[in-house]
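The values are calculated or read from the model by the stated rules, or taken from the named source; none is laboratory data. Because the structure is predicted, anything quoted here is derived from the model rather than measured. Neighbour counts run over all protein chains shown; Cβ positions are idealised from the backbone, glycine included. Each accessible area value is taken on the protein alone, full model and side chains, heavy atoms only, with ligands, DNA and RNA left out. Shrake-Rupley method; radii C 1.70, N 1.55, O 1.52, S 1.80 Å.
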Amino acid sequence: MTPLLDLKGIVKTFPSVRALDGIDFTLLPGEVHVLLGQNGAGKSTLMKILGGIQSHDGGTLAIQGQTIATVTPEVAAANGIALVHQELCLVPSLSIAENILLGRMPRRAGGMIDWPKAERIASDTLGRLGVALDPRRPVGTLEVAGQQIVEIAKALARDPRIILFDEPTSALSDSERGHLFRLIAALKAQGVGIIYISHHLAEVPLIGDRVTVLRDGRVAAHLTAEGRTERELAELMVGRNVGNLFPKGQVPEPGAVALSAKGLRSGTRLLDVSLDLRKGEILGVFGLMGAGQAELARTLFGLDPLAAGSIAVDGVPRKFRSPADAIAAGLGLISRDRRASLVPKFSAGPNISLPWLAGRSPLMLLDQDREGAEARRYVNSLRIEPPLPDREVMFFSGGNQQKVVLARWMSSGSRIVIFDEPARGIDVGAKAEVFALMGDMARAGAAILMISSEPAEIEGMADRTLVLRKGRIAAELGRADCTQARLLEAAG
């Protein structure tokens, strides 16, 4: 059987970093080949080479038996390759249909766009994913999960022979994941080859046929997917015993209430939420997609207007008209969308120092000495890789970008930190490090609000958990009562 893809000795070098070092990889018709590795292992770089976004520096690459010197986006499309990006590549101001058919809009005889046909194609493609969305709706009005679905639909609309899925389920609900997995099974039956990248290791034996593990730009293992355990795969990725994936440790008895919210209402999804968050406590917030947890984070941080209710910090009533007000009160937010939190072309220092500017006069000088010192300090203490404080954050992996955001709030002295889906799109090793840092902050007296749609993360880290359903609190669970089954039961 001729492979759809056959890579031998692929090399890619960036300044100061060899991202890929002699990668061998094959993809057969009708198989799902899972590609695993920590953030920075080279997975996304390999996908970008196959999608024509970047060129390889060495080795050979053959598509359906034909050696290709350089893959461009046009060559990839002509050879039936479609890429579903981890970082969404959508135009927010355009409609769903326009994004799905970007550059390929159907035309009438006179050259005018055939809008009914475009909307029909978009609706049919979304229907294959089990989703009904108005194809005329601007993509920018969708939540991250909806945008992720549009990104997947954009690839499917090309009827590809090879699909490269880079973290396709990172923002999807369980039901949406189920639809995607059924679609993947149907594509396999049609002979489509799929390369699948995921940090949800439980997905590997469910949908995978073969697995390739990358570590530091090299192949660490080729193996079959059947019967593999999460711990086995995790240890192949990191090259060592991973120990406890949720290294929270023991936290002293929580202290006084740091953040209090009563009867919060905002928009159409956050309807009535009250909570008390104590110093030294990790308060979990769990809910299925669309339950209101994203709106809760945005409202508490002053990003969304408060329609009703009240907020108090250390017993003092506060009105957050903007994030600057929240930062001044000692709050920090680690957003579920890293791109919304970072300035990608800035290095670590300016990204870390952004909260220092809240409330300052535009005429005040920047404290560049402190900025540089803090960047070096946190690059070392948080083990940001590679340890280059002056490197633009766009060139760091997702897990290391998350550490830069975390360093921002540690540097600013935030006493109340909202972690909104803190492990989204980062690997198992980076997750353990982020969760360990979260535990360290709680032990030092910080008040942590941890929002997650992953039951295992809540069970492993939260001291107490609020379960949201349809914009309201459906249950409160203590640490002893918080199991994955109880969380899902309360959230449903």
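The table below lists the values:
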{"quantity": "Between 0 and 90°, nearest 10: helix 174-189 axis offset from the chain longest Cα axis", "calculated": "10"}
{"quantity": "Selection from Gly111, Leu46, His85, by position along the positive dipole direction of region 28-143 (Cβ)", "calculated": "Gly111"}
{"quantity": "Between helix 115-128 and the chain: long-axis angle, C-alpha atoms, 0 to 90°, nearest 10", "calculated": "80"}
{"quantity": "Student exercise, region 387-492 dipole from Lys, Arg, Asp, Glu Cβ charges, in Debye to nearest 20", "calculated": "300"}
{"quantity": "For the chain: accessible area per residue (Å², 1.4 Å)", "calculated": "42"}
{"quantity": "Dipole moment magnitude, nearest 20 debye, region 281-423 about Cα centre, only Lys, Arg, Asp, Glu C-beta charged", "calculated": "100"}
{"quantity": "Over 31 Å between alpha carbons, listed pairs Lys279/Lys470; Lys279/Lys319; Lys345/Lys470; Lys188/Lys345", "calculated": "Lys345/Lys470; Lys188/Lys345"}
{"quantity": "Per-residue HN-Hα couplings for region 43-57 [Karplus 6.51, -1.76, 1.60; θ = phi - 60°; Hz; x = Gly/Pro]", "calculated": "4, 5, 4, 4, 5, 5, 5, 5, x, x, 7, 10, 9, 8, 9"}
{"quantity": "Whole-Å distance, taken between Cα centres, linking region 421-492 and region 69-95", "calculated": "35"}
{"quantity": "Gain on full stretching of the segment that runs from Asp325 to Asp24 - 0.36 nm per residue minus C-alpha separation", "calculated": "103.2 nm"}
{"quantity": "Computed lengthening from Thr2 to Leu365, 0.36 nm per intervening residue step minus Cα-Cα distance", "calculated": "124.4 nm"}
{"quantity": "Cβ charges +1 (Lys, Arg) and -1 (Asp, Glu), total dipole of region 391-436, debye", "calculated": "140"}
{"quantity": "Cα centroid of region 106-161 to Cα centroid of region 196-233, whole Å", "calculated": "31"}
{"quantity": "Integer Hz, Karplus 6.51/-1.76/1.60 couplings in order for region 26-36, x for Gly and Pro", "calculated": "10, 10, 9, x, x, 10, 10, 9, 7, 10, 10"}
{"quantity": "Heavy-atom accessible surface of the chain: percent carbon and sulfur, 1.4 Å", "calculated": "51"}
{"quantity": "Estimated distance in nm for a label pair at Ala312 and Arg158, the labels positioned 7 Å out from Cα along Cα-to-Cβ", "calculated": "5.6"}
{"quantity": "Burial order of peptide ranges 256-263, 412-419 (average beta-carbon count within 10 Å, highest first)", "calculated": "412-419, 256-263"}
{"quantity": "In degrees, nearest ten, helix 428-443 long axis to first principal axis of the chain (Cα)", "calculated": "0"}
{"quantity": "Approximate spin-label separation Ser175-Ala436, in nm, with each point projected 7 Å along Cα-to-Cβ", "calculated": "3.9"}
{"quantity": "Residues whose placed amide H lies under 5 Å from that of Asp114, excluding near-sequence neighbours", "calculated": "Arg107, Arg108"}
{"quantity": "Segment Glu489-Arg104, extension gain: residue separation times 0.36 nm, minus the distance between their alpha carbons", "calculated": "134.2 nm"}
{"quantity": "Amide proton proximity set for Asp427, modelled H, under 5 Å, gap of 5+", "calculated": "Asn39, Gly399"}
{"quantity": "Other-chain or far-sequence residues with amide H under 5 Å of Leu5's (modelled H)", "calculated": "Leu27, Gln64"}
